[in-house]
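Q: One structure, as structure tokens, below. Some questions next.
The values are calculated or read from the model by the stated rules, or taken from the named source; none is laboratory data. Because the structure is a prediction, the values reported are computed rather than measured. Cβ coordinates were reconstructed from backbone atoms using ideal geometry, including for glycine residues, and neighbour counts include every protein chain displayed. With ligands, DNA and RNA removed, areas are computed over all heavy atoms of the protein, side chains included. Shrake-Rupley method; radii C 1.70, N 1.55, O 1.52, S 1.80 Å.
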Amino acid sequence: MKTLLHALLTFATLTLITGVGYPLLVTGIARVAFAHQANGSLITGADGKLLGSELLAQEFKSPRYFWPRPSAAAFATVPSGASNLGSTSAALKLVISDRAAALRKAHNLPDNAPVPAELVQASGSGLDPHISADAARFQLKRVCTARGLDEALVSALIGDGQVNVLKLNQTLDTLH
Amino acid sequence: MKTDDVLELLLYLALLIGLAPFIGRYLAWVFQVERPLPGEKLMAGDTSRSMNWPQYLKALLLFHGIGFVVLMLLQMLQAKLPGNPQSLANVPFPLALNTAISFLTNTNWQAYSGEATMSYLTQMLGLGVQNFLSAATGMAVAAALVRGLGERPSRSSSGQVGVSPADSPCDRDGREPSLRPGRSFSGLGNFWRDVSRATIYVLLPLSILLSLVLVQQGVPQTFDVFASATTLEGSAQVIPLGPAASQIAIKQLGTNGGGFFGVNSAHPFENPTRLSNFLQCFAILALAAGFPFMFGRMTGHRRHGWCLFATMLVLLLTGLGAALWAEHQSNPSLGVLTMLEGKETRFGIADSALWATATTAASNGSVNAMHDSLMPLSGLVALVNMLLGEIIFGGVGSGLYGMIMFVVLTVFLAGLMVGRTPEYLGKRIEAREVICAAVAVILPSLVVLIGTALSVLSEAGRASLTNAGPHAFSEALYAWASAANNNGSAFGGLNANTPFYNYGLSFAMLVGRFGVIVPTLMLAGRMAQKRIAEPGPGTFPTDGGLFIVLLLGVILIVGGLTFLPALTLGPIVEHMLMNNGRTF
């Protein structure tokens, strides 16, 4: 009986500390110190409307925009997901070759031209916001032609390393 | 590999090796301080009162029972409870049962996606709390076992086993002087004291720190309702939010692994940057790596603690090397030079391989890349890490007590070789102790093999598989290996939210947890009552290179003999067929 009492008291106390006190404390500090991030790193347009989160990829189909990595869950967010197809999956092989063909077509490339691996293989989260600078430069000509922009200018925006596709596209919209 | 990847891996290992002794020292302090720390008396009365093994186990089971009821109620009533701004429905029984057992056993297998299934209240007050408590329980059991092994009993006048005043201050290397002389006890410590100290003095402060860094890096921490955005191309996008950072910090530190979001630490909200990735990945192993040193300090056998750490490190580095090599190979089946399917650009290949190795070495189970889409041989590394019983650092606490079961077997085998009664840390190992260790090693393995067989033989088992060919077999094997060793990661193609897997894997998780904890505590209780003999000429030394080699041999032979056929049918065959360009 005494053991049960100790069990209940210990469980209740630890639940209050770790299940109520702890998340509330972290939320309180986060709200003051890192309000932008704590609320989901949201970005708004010039008119104040919510455009998305800088951390979550959006689907882009128009030639005027850079395209992110493919999403096996079609950019769904609740929940997002991956293909979970393995190294010897015939289904994955087919998807990859379809994506490569579509990319070559969109960029006016010959049938066996190489395409960046990350643009034909879906990310783990289905919401990967980044692509490599190489994968962005692969799309440079298409985007600049569609927008009538100077390639050197946009290439400078891409920079080196990794690019956040949504932020890059947002910048493009402010340019033109 | 790129230079920055190499540097990052070296930094990771240097931090792990450099900090582990200090973490171990702190852990030893937490579990040894005699005076009651604030609040202990209020919760559990006289916590200096030590328990024998049945008492310790009873307290542990009672604690789990209460946790189970609360977690079931929170899930199955969440629609009526507050803290549910998305108005999510009640969780159906089989899924709620699976999830409750999963979080109680520190497995954190998830047959659901958090953002679409669990209310904020359920995540925070149910799952979040069990992230702490299941980890603290593992730490407590480890502390109990260490006390049992290091305890120096003596006969008091009443015939009870206890520490006499002359014995207790024998403080070689800070050996435990804690428990009051003259009381009746068998030296395993007090469960309530251990579990609350592990929570409040170890897990909580580290979680607060880590969660704040994670928020700064971009992990949400809010109770607001999901946001609705209109994308640049004009379609609607729901932005899932929640008190994520606080849960993700403890999920990593407590080797839990259950994601706030469905895709776990691959989600940009769960793991937004390379820095957040490094810290989360480090948190997977950091505490567990301290336990061998805690063991060394508390028993006074520091060199032996180093040997256990070295053994774990050798296994970790072997797996890491293999996974890195495998991920840097091309994939002829798919005709791609690098396998990026299921991986995130911001992490890349090396970070994904490191995480996959660490999360399966420790019984964490969080992922930053989809394990189902790993190359066959890095999938093999993940499987082997789990199948060896989560002893390569392993879960916080549970990794140590799992490893000690192998040590007991090793010492026993060494004793057989020279024809002497084996001793461990000066205490004789007898038939009962060997049985305890063997049961703890064999039970989870048995569940893995039988469960996998049932999966591939039954319609209900096969219906959940996404992939085909040998990879389908790996998918089933991975699920049972993960559940029965309390890891929680998955080859995610497996549709786990079916009655077959919800009930079957629940059973596996229970066996994986209590099938090891019960024999561990029993062994601890028996060892606590044994006298310590001075080492003689026939004593097998447990603090040198020979011991490490022998221990590695036992681990690999036991693991190898048990699982080699299954691993051959899965990832090994797949690797060969992939190199021949086959698809399924």
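Q: Given the structure, is A:R99 part of a helix (DSSP H, G or I), open to solvent by 20 Å² or more (accessible area, probe 1.4 Å), farther than 26 Å from B:M118 by Cα and more than 7 Å from chain B (Cβ to nearest Cβ)?
A: yes
Q: When you check B:L279 against the structure, is it out of contact with any Gly (no Cβ under 8 Å at 6 or more places or on another chain), closer than 22 Å to B:R25 by Cβ and crowded, with 21+ Cβ neighbours inside 10 Å, yes or no?
A: So B:L279 does not fit the description; no.
Q: Residues B:G395, B:G419, B:G415: which one is away from chain A (no Cβ under 14 Å), at pLDDT 95 or above and over 20 Å from A:N84 (Cα atoms)?
A: B:G395 is the lone residue from the list that is away from chain A (no Cβ under 14 Å), at pLDDT 95 or above and over 20 Å from A:N84 (Cα atoms).
Q: Of all residues being open to solvent by 30 Å² or more (accessible area, probe 1.4 Å) and touching a residue at least 60 places away in the same chain (Cβ under 8 Å) in the stretch B:481-513, which is farthest from B:A463 (Cα to Cα)? Just the residue, please.
A: This residue is B:L510.
Residue by residue, here is whether (1) touching a helix residue (DSSP H, G or I) at 6+ places or on another chain (Cβ under 9 Å); (2) of a type in the set (S, T, N, Q); (3) in a helix (DSSP H, G or I) holds:
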{"site": "A:Q121", "(1), (2), (3)": "yes, yes, no"}
{"site": "A:A136", "(1), (2), (3)": "yes, no, yes"}
{"site": "A:R142", "(1), (2), (3)": "yes, no, yes"}
{"site": "A:S155", "(1), (2), (3)": "yes, yes, yes"}
{"site": "A:D160", "(1), (2), (3)": "yes, no, no"}
{"site": "A:K167", "(1), (2), (3)": "no, no, yes"}
{"site": "A:Q170", "(1), (2), (3)": "no, yes, yes"}
{"site": "A:D173", "(1), (2), (3)": "no, no, yes"}
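Q: Can you tell me which condition A:L127 does not meet? The list is (1) in a loop (DSSP other than H, G, I, E, B); (2) more than 9 Å from chain B (Cβ to nearest Cβ); (3) under 17 Å from the mean Cα position of the chain (by Cα), and all the others hold.
A: With respect to (1) in a loop (DSSP other than H, G, I, E, B); (2) more than 9 Å from chain B (Cβ to nearest Cβ); (3) under 17 Å from the mean Cα position of the chain (by Cα), A:L127 is out only on (2).
Q: Out of (1) touching a helix residue (DSSP H, G or I) at 6+ places or on another chain (Cβ under 6 Å); (2) free of Cβ contacts under 8 Å to residues at least 60 places away in the same chain, what's the single condition that is false for B:L477?
A: Result: B:L477 passes all but (2).
Q: Can you find a residue that is surrounded by fewer than 20 Cβ atoms within 10 Å (Cβ to Cβ), closer than 29 Å to B:D372 by Cβ and modelled with pLDDT of 95 or more anywhere in the stretch A:134-152?
A: yes
Q: Does B:P21 fit the bill of being in contact with a Leu (Cβ under 9 Å, 6 or more places away or on another chain) and assigned to a helix (DSSP H, G or I)?
A: For B:P21, the condition - in contact with a Leu (Cβ under 9 Å, 6 or more places away or on another chain) and assigned to a helix (DSSP H, G or I) - is not met.
Q: Considering only the stretch B:447-471, state which residues are free of Cβ contacts under 8 Å to residues at least 24 places away in the same chain and of a type outside the set (D, E).
A: Residues satisfying the conditions are B:I450, B:A453, B:V456, B:L457, B:R462.
Q: Sort through B:G538, B:G581 and tell me the only one that's open to solvent by less than 70 Å² (accessible area, probe 1.4 Å) and either at pLDDT below 95 or outside any loop (DSSP other than H, G, I, E, B) (or both).
A: B:G538
Q: Considering only residues that are in contact with a Ser or Thr (Cβ under 8 Å, 6 or more places away or on another chain) and hydroxyl-bearing (S, T, Y), which ones fall in the stretch B:492-518?
A: B:T498, B:Y501, B:S506, listed by residue number.
Q: The conditions are (1) open to solvent by less than 10 Å² (accessible area, probe 1.4 Å); (2) over 21 Å from the mean Cα position of the chain (by Cα); (3) not charged (D, E, K, R), and A:A90 fails exactly one of them. Which is it?
A: Just one mismatch for A:A90, condition (1).
Q: From the list A:F66, A:F60, A:F75, which residue is modelled with pLDDT of 95 or more, farther than 27 Å from B:G492 by Cα and either not assigned by TED's automatic domain parsing to the domain that holds A:K167 or not acidic (D, E) (or both)?
A: Criteria check complete, one pass: A:F66.
Q: Counting only residues that are more than 14 Å from chain A (Cβ to nearest Cβ), among the β-branched types (V, I, T) and free of Cβ contacts under 8 Å to residues at least 40 places away in the same chain, how many does the stretch B:93-143 have?
A: So the answer is 1.
Q: Residues that are facing another protein chain (nearest Cβ under 7 Å) and either open to solvent by 40 Å² or more (accessible area, probe 1.4 Å) or over 30 Å from B:P205 (Cα atoms) (or both): find the helices (runs of 4 or more DSSP H) completely inside the stretch A:1-77 holding 1 or more of those.
A: A:2-15, A:22-33
Q: While we're on this one: Might you let me know whether the stretch B:79-91 holds any residue that is under 27 Å from the mean Cα position of the chain (by Cα), buried (at least 16 other Cβ atoms within 10 Å of the Cβ) and in a helix (DSSP H, G or I)?
A: Taking every residue of the stretch B:79-91 in turn, none turns out to be under 27 Å from the mean Cα position of the chain (by Cα), buried (at least 16 other Cβ atoms within 10 Å of the Cβ) and in a helix (DSSP H, G or I).
Q: I'd like to verify a number: residues in the stretch A:154-164 that are more than 10 Å from chain B (Cβ to nearest Cβ) and at pLDDT 95 or above, how many?
A: 5
Q: Only one of (1) closer than 24 Å to B:A266 by Cα; (2) open to solvent by 30 Å² or more (accessible area, probe 1.4 Å) is not met by A:I131, so which one is it?
A: (2)
Q: Something else about it: Report yes if some residue within the stretch B:479-487 is within 13 Å of chain A (Cβ to nearest Cβ) and either under 22 Å from the mean Cα position of the chain (by Cα) or aromatic (F, W, Y) (or both); otherwise report no.
A: Yes, some residue in the stretch B:479-487 is within 13 Å of chain A (Cβ to nearest Cβ) and either under 22 Å from the mean Cα position of the chain (by Cα) or aromatic (F, W, Y) (or both).
Q: Identify, by number, the condition in (1) more than 22 Å from A:G52 (Cα to Cα); (2) without any contact (Cβ under 8 Å) to a residue 60 or more places away in the chain that B:S228 doesn't meet.
A: (1)
Q: Inside the stretch B:488-499, can you point out the residues that are within 13 Å of chain A (Cβ to nearest Cβ) and more than 15 Å from the chain's Cα centre (by Cα)?
A: Those that are within 13 Å of chain A (Cβ to nearest Cβ) and more than 15 Å from the chain's Cα centre (by Cα): B:F491, B:G492, B:G493, B:L494, B:N495, B:A496, B:N497.
Q: Another question, if that's okay. Given the conditions (1) in contact with a Leu (Cβ under 6 Å, 6 or more places away or on another chain); (2) under 28 Å from A:I131 (Cβ atoms); (3) open to solvent by 10 Å² or more (accessible area, probe 1.4 Å), which single one is not true for B:L253?
A: (2)
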